[in-house]
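Written out below as structure tokens is the structure these notes cover.
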Amino acid sequence: MKNKNNYDYLLSDLTKLNGVGKKTMEILKKKKVNNIFDLLWRLPKSYTDRTFVTKICDLQIGKVQTIRIVPLKYQFPRVRHLPNRVNCIDQSGKIDCIFFNSYEGYVRKILPLNEEVTINGKVNSYKGCYQITNPTYVSQDSSLVETVDNKYSLTEGITEKTYNKIIKQILQNLPILNEWHEKDVLKKFDNESWNNSIIKLHDPTNIENYKANFYKRLAYDEILASFLVNSEIRKKIKKIKKISKKFTKKAHNEIINKLNFDLTNDQEKTLNEINIDLNSKCKMFRLLQGDVGSGKTIVSLISALSVINSGFQVALMAPTEILARQHFILAKKLFPKNISIELLSSKSENIEKKKIIKELKSNKINMVFSTHAIFQKKIIFANLGYIIIDEQHKFGVRQRKLLSDKGGDNCDVLLMSATPIPRTLTMSVYGDMDVSIIKEKPSNRKEVKTYSKLENKIDDVIKFVKKEIKEGNQVFWVCPLIEESKKLDHQSSVKKYKFLNKIFPNDVALIHGKVANDEKEEILKKFLDKEYSILVSTTIIEVGIDFPNANVIIIENANKFGLSQLHQLRGRVGRGIKQASCILMFKSNLSANAKKRINILKNSNDGFEISEEDMKLRGFGDLLGFKQSGLKNFRLADPIQNEDLFLMAEKQIRKIEMENINIDKYKALLKLYDQADIINDMV
Ligand code: ADP
Ligand code: MG
């Protein structure tokens, strides 16, 4: 029994492999294969067939997607530096595959003419045509597989033979690891050990066996590792002792009495959860999650006032100046006059800024509203007790950890996010935090009415907009990213702006990616002040800003957006008591998939439900940019197919937490699955 319990082999770099040349190693490095363990997850090709396949007509620009296409024509330019191009189709549309720095032979091999091929890559658009640059070849018709060797996804420069040789070598040297799962857990997977599972994973007779125990076991390993690391971080933060804050009903009532509405049950419930944490002797690290417009701001301000009354300072950080200002103005209205609050803006005069900084240090200011500028080194708080961070779902675990450290031990942390996520993902995305959820919307809200319209019916839409403007309402007009290039994107919104400005002279404003931040905020402010009735924009208008007067949102080319994103855009209207509408515009007749998506939106106003559906339709990796937060795509586990495993892992984590089970036996699991660093960082 060689290499017993020695996972070092798996973590060592590729030089440990015999017969692997420098060139192969470099190619693999470029593909983010850094050690032997990484290679285990480059699966035989049939596994990848399960990858979500999209029709060309449903492609979304800028996203990595898998399509099944037929190559029709090669274009190999004789001019150097020009890319090779292959025109391809599926039953719903056309796409070009572009290859830079590649040989004709390679292109011919992975895209043989008139044969169906599955490829994967980031989709962009050039001169109105879809294209994928340097796609990854996923598979060919499975009848072509004759040999016992596995077919792996081809990477230019490495042959199938080399791949198989490498994998065989690794499997032969696979260390036998001590089992980390408990007996009853393991029994659920028919006692498949990690080693056996890996060997079976690469056995050509086993491929596509997603329901097999070996496959499930490996998926479960992955889920548990991800949950476990978050749970450890949470435990560590909870061990930090702090001076508890006193919560009195007084602060609560002082604010409530100034409002012309009552808090919803969920607002009261979450406020109570927050107050219990503030009161306790342990540091709070909590997420307040609630759909757009569910009223998170009030909850955070009431809790902030409690903290101020307990003698601490509070900092609220918003993603943009305009949002920070909105929160500041609201607090000015609601807080008692003796509470000193300030807005620290990059636009304030220097003298003003200096004064604020000085007064934060001398404890003259009770609460400050700002953007991330609040975290500059020169800003020192006399007695910071609470940080509130608005609209930051894109922070990853590491960034959140840094934040929690920043304020020091006595500082409680509340993050707010309007991005509902599917239940199965909560533990991997937010498992390091306690989570409070507002599900219920204020009762005075009317649901936004959602319509779909073909683009050639724009006259009807204009008529509708005219009527709304006459009634004093304002309109968002969203042009999606049509092209990958910012320049073209901006041109398309400029065009729409010009078009609308002819119909509604001097009543249309425009924002796109090229407008500088300062100017953008100025335009948004003017729109808030009702200087314009229509705001044409790309999707850059932030979540969170309260536009009480905007009642209509028109979203062009709506099938370019995911469901959750459409739901968030829709949430920008309908904050007041008037009926609001959302018009989704489409270029051509809708595909069955697009129809399905619209119906989901028409029938539901519940962000959580919509995020579940979105995940089912699109896979989870792309849900609202969570990729940017460092949330890794799982290698095997799939939140849709393996929901039971996610729930099982959640149960196991609760058990570990409740019974205070030592996690030493999971050390190899955490090390291998690249999750241990962050825990060690924390000691
Ligand atoms: P979000 O959760 O998206 O941050 P906000 O806090 O901006 O939502 O609240 C949206 C709007 O709803 C605000 O105008 C706010 O005054 C209002 N609001 C908040 N709570 C209630 C409530 N319980 N009843 C009625 N309106 C409310
Ligand atoms: Mg908000």
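The values are calculated or read from the model by the stated rules, or taken from the named source; none is laboratory data. None of these values were measured; they are calculated from a predicted model. A quick note on method: Cβ atoms are made from the backbone with ideal geometry, for glycine too, and the neighbour counts reach across all protein chains shown. The area values use the complete protein model at the heavy-atom level, side chains included, leaving out ligands, DNA and RNA. Shrake-Rupley method; radii C 1.70, N 1.55, O 1.52, S 1.80 Å.
So which of 276, 237, 308, 329 ends up being free of Cβ contacts under 8 Å to residues at least 12 places away in the same chain and away from ligand 1 (no atom under 16 Å from the Cβ)? Can you show your working first?
Details: 237 fails: free of Cβ contacts under 8 Å to residues at least 12 places away in the same chain; 308 fails: free of Cβ contacts under 8 Å to residues at least 12 places away in the same chain; 329 fails: away from ligand 1 (no atom under 16 Å from the Cβ).
Going through 276, 237, 308, 329 in turn, the sole match is 276.
Does residue 547 count as within 26 Å of the chain's Cα centre (by Cα), under 30 Å from residue 371 (Cα atoms) and open to solvent by 20 Å² or more (accessible area, probe 1.4 Å)? Full working, then the answer.
Details: within 26 Å of the chain's Cα centre (by Cα): yes; under 30 Å from residue 371 (Cα atoms): yes; open to solvent by 20 Å² or more (accessible area, probe 1.4 Å): no.
So residue 547 fails the test.
Within the range 205-230, can you find the residues that are among the aliphatic types (A, V, I, L, M) and at pLDDT 90 or above?
The initial filter retains those residues of the range 205-230 that are among the aliphatic types (A, V, I, L, M), namely 207, 212, 218-219, 223-225, 228-229.
Selection gives 218, 219, 223, 224, 225, 228.
Which helices (runs of 4 or more DSSP H) does the range 157-211 wholly contain that include 1 or more residues that are within 19 Å of residue 35 (Cβ to Cβ)? First the steps, then the outcome.
Working: elements: 160-173, 183-187, 194-201.
Fully inside the range 157-211 and qualifying: 160-173, 194-201.
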Study note, to complete from the structure: From the option list 573, 536, single residue qualifying as within 16 Å of ligand 2 (Cβ to nearest atom) and surrounded by 20 or more Cβ atoms within 10 Å (Cβ to Cβ) is 573
Study note, to complete from the structure: When residue 423 is run through (1) closer than 30 Å to residue 638 by Cβ; (2) within 16 Å of ligand 2 (Cβ to nearest atom), the failure sits at (2)
Point to revise | Selection within the range 159-192 - farther than 21 Å from residue 665 by Cβ and out of contact with any helix residue (DSSP H, G or I) (no Cβ under 8 Å at 6 or more places or on another chain) | key: 159, 160, 161, 163, 164, 165, 168, 169, 172
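Yes/no matrix, rows are residues, columns are (1) modelled with pLDDT under 95; (2) assigned by TED's automatic domain parsing to the domain that holds residue 279; (3) out of contact with any helix residue (DSSP H, G or I) (no Cβ under 8 Å at 6 or more places or on another chain):
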position	(1), (2), (3)
323	yes, yes, yes
354	yes, yes, yes
368	no, yes, no
389	yes, yes, no
392	yes, yes, yes
405	yes, yes, yes
416	yes, yes, no
419	yes, yes, no
Exercise for review: Identify the single condition in (1) at pLDDT below 90; (2) in contact with a strand residue (DSSP E or B) (Cβ under 7 Å, 6 or more places away or on another chain) that residue 233 does not satisfy, given that it satisfies every other one.
Suggested key: (2)
Study note, to complete from the structure: Per the filter on the range 403-426, residues touching a residue at least 40 places away in the same chain (Cβ under 8 Å) and of a type in the set (A, V, I, L, M) are 413, 414, 415, 416, 418, 421, 425
Review point. If we only count helices (runs of 4 or more DSSP H) wholly inside the range 247-341, which ones have 1 or more residues that are under 33 Å from the mean Cα position of the chain (by Cα)?
Key: 265-279, 296-309, 321-334
Practice item. Could you list, in sequence order, all residues of the range 236-273 that are of a type in the set (Gly, Ala, Ser) and either open to solvent by 70 Å² or more (accessible area, probe 1.4 Å) or under 19 Å from residue 336 (Cα atoms) (or both)? Key: 251
Check your understanding: Can you find even one residue in the range 485-492 that is outside any loop (DSSP other than H, G, I, E, B), open to solvent by less than 60 Å² (accessible area, probe 1.4 Å) and at pLDDT 90 or above?
Key -> no
Review point. Got at least one residue in the range 242-263 being in the same structural domain as residue 428 (by TED's automatic domain parsing), of a type outside the set (D, E, K, R) and in contact with an Asp or Glu (Cβ under 7 Å, 6 or more places away or on another chain)?
Key: no
Practice item. Name, by its number, the condition in (1) under 27 Å from residue 560 (Cβ atoms); (2) out of contact with any strand residue (DSSP E or B) (no Cβ under 6 Å at 6 or more places or on another chain); (3) open to solvent by 40 Å² or more (accessible area, probe 1.4 Å); (4) not in a helix (DSSP H, G or I) that does not hold for residue 453. Key: (2)
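Hey, can you tell me all the residues within the range 279-294 that are within 16 Å of ligand 1 (Cβ to nearest atom) and touching an Asp or Glu at 6+ places or on another chain (Cβ under 6 Å)?
Within the range 279-294, the subset within 16 Å of ligand 1 (Cβ to nearest atom) is 286-294.
Result: 286, single match.
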Check your understanding: Which of (1) within 15 Å of ligand 1 (Cβ to nearest atom); (2) open to solvent by less than 10 Å² (accessible area, probe 1.4 Å); (3) under 19 Å from residue 430 (Cβ atoms); (4) not aromatic (Phe, Trp, Tyr) is the odd one out, the single condition residue 324 does not satisfy?
Key -> (3)
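Kindly check whether there is at least one residue in the range 551-559 that is small (Gly, Ala, Ser) and either surrounded by fewer than 24 Cβ atoms within 10 Å (Cβ to Cβ) or within 16 Å of ligand 2 (Cβ to nearest atom) (or both).
From the range 551-559, those small (Gly, Ala, Ser) are 558; that's our starting set.
Those still in the list that are either surrounded by fewer than 24 Cβ atoms within 10 Å (Cβ to Cβ) or within 16 Å of ligand 2 (Cβ to nearest atom) (or both) too: none.
Scanning the range 551-559, I find no residue that is small (Gly, Ala, Ser) and either surrounded by fewer than 24 Cβ atoms within 10 Å (Cβ to Cβ) or within 16 Å of ligand 2 (Cβ to nearest atom) (or both), so the answer is no.
For the range 494-574, which fully contained strands (runs of 3 or more DSSP E) count at least 3 residues that are within 16 Å of ligand 1 (Cβ to nearest atom) and within 26 Å of residue 606 (Cα to Cα)?
Details: elements: 508-511, 534-537, 550-555.
Where strands (runs of 3 or more DSSP E) fall fully within the range 494-574 and carry at least 3 residues being within 16 Å of ligand 1 (Cβ to nearest atom) and within 26 Å of residue 606 (Cα to Cα), they are 550-555.
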Point to revise | Filter pass, residue 409 being acidic (Asp, Glu) and either within 16 Å of ligand 2 (Cβ to nearest atom) or surrounded by fewer than 23 Cβ atoms within 10 Å (Cβ to Cβ) (or both) | key: yes
